[in-house]
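J.: The structure that follows is given in the form of structure tokens.
The values are calculated or read from the model by the stated rules, or taken from the named source; none is laboratory data. None of the values given here were measured: they were computed from a predicted structure. Cβ placement follows ideal geometry from the backbone for every residue including glycine, while neighbour counts extend to all protein chains displayed. We work out accessible area using only protein heavy atoms, side chains counted, and drop any ligands, DNA or RNA first. Shrake-Rupley method; radii C 1.70, N 1.55, O 1.52, S 1.80 Å.
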Amino acid sequence: MTILVTGATGTVGGHVVEQLAKRGADVRALVRDPSKAQLPAGVTAVQGDLLDVDTLRNALSGVSTLFLLNAVVPDEFTQALVTLNLAREAGIERIVYLSVIHSDLYVNVPHFAGKFGVERMIEAMGFNATVLRPAYFMNNDSMVTDVVRDYGVYPMPIGSKGLAMVDAADLGEIAALELLRREQAETPLPFERINVVGPETLTGADVASIWSGVLGRPISYGGDDTAAFEQNLRQKHVPGWMAFDMRLMCERFLSLGMLPEVGDVDRLTALLGRPLRSYRDFASQFATSA
């Protein structure tokens, strides 16, 4: 009974591996270079790549449950379909897939549309799977804390509809619990989708106000200029395709937001047995370390 975790050394995957290891699971971590992978004791590193059929086939051999996480890359959709077909070949029925909230609504955003396509393939292929649909990661804002502190501006163009921002560590623990629930079930559990959200739905002005409180000085919201945001990313050497993808995502933030459904927060709180991490806790961590 082995769980294979893809994306095992990334932000979310690292939390998934850590949480599974803490709970005594038999964990196999897919990594490009096992000699460089820093993994918890008892976790087995296996070399592989989601586009390398031979190494991936080897990594999937003997696995009972798969955690599928694809990075935002141009061939994300192909990676996922190759992995799913090899998983079916290996006889794996139990899957937890990391998608994104509103993947069916953000239809023009490349990495959202790709994830929705993967969701549909998982369902159509008859996998017994949980699709986790997280909202915006509050951890993404660690990239702009210097702007907040040095210039007094929260620069992310997230608009006024609101985002149910979630902490990556909460997501990792939820994913681990769901993997174990499927792994330990006597028979494969039915397909389902779970929104993974934070405890609050925050606008750009809300986030700026939180930073004002934790820093003890006024922080303003930088506004909704998504074109400027794209150019900013390109100046930081983000590839053009990704900068444009992020701009399109932010435009959907402005028009739709990322809103939880009724009961999402209560369901996740009950699953974790504790409150979800708040954005104020996240901001306070950076304020005290400045």
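J.: What are the residue pairs meeting all of these: first residue in region 1-20, first residue open to solvent by less than 10 Å² (accessible area, probe 1.4 Å), second residue acidic (Asp, Glu), Cβ atoms under 8 Å, and 6 or more apart or on different chains?
T.: Short answer, once both residue conditions are applied: ILE3/ASP26; ILE3/GLU183.
J.: Name the single residue that is farthest from LEU171 (Cα to Cα) among those in region 106-119 being open to solvent by 50 Å² or more (accessible area, probe 1.4 Å) and not in a helix (DSSP H, G or I). Even if it seems obvious, please write down each step before you answer.
T.: Filtering region 106-119 for residues open to solvent by 50 Å² or more (accessible area, probe 1.4 Å) gives 107-108, 110, 116.
Okay, now just the ones that are also not in a helix (DSSP H, G or I), so 107-108.
Working: VAL107: 23, ASN108: 25 Å.
Result: ASN108.
J.: Additional query: When SER103 is evaluated against the numbered criteria (1) closer than 23 Å to ALA168 by Cβ; (2) surrounded by fewer than 21 Cβ atoms within 10 Å (Cβ to Cβ); (3) out of contact with any strand residue (DSSP E or B) (no Cβ under 6 Å at 6 or more places or on another chain); (4) of a type in the set (Gly, Ala, Ser), which criterion, by number, is the only one it fails?
T.: All conditions are met except number (2).
J.: Just give me the residues in region 10-38 being touching a helix residue (DSSP H, G or I) at 6+ places or on another chain (Cβ under 8 Å) and either at pLDDT below 95 or in a strand (DSSP E or B) (or both), in sequence order.
T.: THR11, VAL27, ARG28, ALA29, LEU30
J.: I would also like to ask the following. Quick check, is TYR221 crowded, with 19+ Cβ neighbours inside 10 Å, under 19 Å from the mean Cα position of the chain (by Cα) and not hydrophobic (A, V, I, L, M, F, W, C)?
T.: So TYR221 does not fit the description; no.
J.: Let me ask you something else. Determine which member of the set ALA129, ALA90 is in contact (Cβ under 8 Å) with a residue 24 or more places away in the chain, within 21 Å of ASP54 (Cα to Cα) and among the small types (Gly, Ala, Ser). Steps first, answer last, please.
T.: Details: ALA129 fails: within 21 Å of ASP54 (Cα to Cα).
Being in contact (Cβ under 8 Å) with a residue 24 or more places away in the chain, within 21 Å of ASP54 (Cα to Cα) and among the small types (Gly, Ala, Ser) holds for just one of ALA129, ALA90, which is ALA90.
Residue-by-condition table, conditions (1) touching a helix residue (DSSP H, G or I) at 6+ places or on another chain (Cβ under 6 Å); (2) of a type in the set (D, E, K, R):
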site: ALA175; (1), (2): yes, no
site: GLU186; (1), (2): no, yes
site: PRO190; (1), (2): no, no
site: GLU200; (1), (2): no, yes
site: TRP241; (1), (2): no, no
site: MET249; (1), (2): no, no
site: VAL262; (1), (2): no, no
site: ARG267; (1), (2): no, yes
site: ARG280; (1), (2): yes, yes
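J.: Moving on. What's the total number of residues in region 87-97 that are surrounded by 20 or more Cβ atoms within 10 Å (Cβ to Cβ) and either of a type in the set (Gly, Ala, Ser) or out of contact with any Ser or Thr (no Cβ under 9 Å at 6 or more places or on another chain) (or both)?
T.: Of the residues in that region, 1 qualify.
J.: Picking from GLU123, GLU93, GLU89, GLU119, which residue would you name as being at pLDDT below 95 and not basic (Lys, Arg)? It would help to see each step written out before you state the result.
T.: Working: GLU123 fails: at pLDDT below 95; GLU89 fails: at pLDDT below 95; GLU119 fails: at pLDDT below 95.
Every option except GLU93 fails the conditions.
J.: Sticking with this structure for a sec: What do you reckon, is GLY117 of a type in the set (Gly, Ala, Ser) and either within 24 Å of VAL196 (Cα to Cα) or in contact (Cβ under 8 Å) with a residue 60 or more places away in the chain (or both)? Let's see the steps before the verdict.
T.: Working: of a type in the set (Gly, Ala, Ser): yes; either within 24 Å of VAL196 (Cα to Cα) or in contact (Cβ under 8 Å) with a residue 60 or more places away in the chain (or both): yes.
Taking the combined requirement at face value, the residue satisfies it.
J.: Tally up the residues in region 236-257 that are open to solvent by 60 Å² or more (accessible area, probe 1.4 Å) and among the aromatic types (Phe, Trp, Tyr), please.
T.: 2
J.: Then there is this: Give the residues of region 120-135 that are open to solvent by 10 Å² or more (accessible area, probe 1.4 Å), assigned to a loop (DSSP other than H, G, I, E, B) and over 14 Å from LEU68 (Cβ atoms), sorted by residue number. Write out each step before concluding.
T.: We begin by selecting, within region 120-135, every residue open to solvent by 10 Å² or more (accessible area, probe 1.4 Å); these are 120-121, 123-128, 133.
Checking which are assigned to a loop (DSSP other than H, G, I, E, B) leaves us with 125-127.
The answer is GLY126, and nothing else.
J.: Still on this model: Inspect all residues belonging to region 187-198 and state whether any of them is crowded, with 22+ Cβ neighbours inside 10 Å, modelled with pLDDT of 95 or more, hydrophobic (A, V, I, L, M, F, W, C) and in contact with a Phe, Trp or Tyr (Cβ under 7 Å, 6 or more places away or on another chain).
T.: No, region 187-198 contains no residue that is crowded, with 22+ Cβ neighbours inside 10 Å, modelled with pLDDT of 95 or more, hydrophobic (A, V, I, L, M, F, W, C) and in contact with a Phe, Trp or Tyr (Cβ under 7 Å, 6 or more places away or on another chain).
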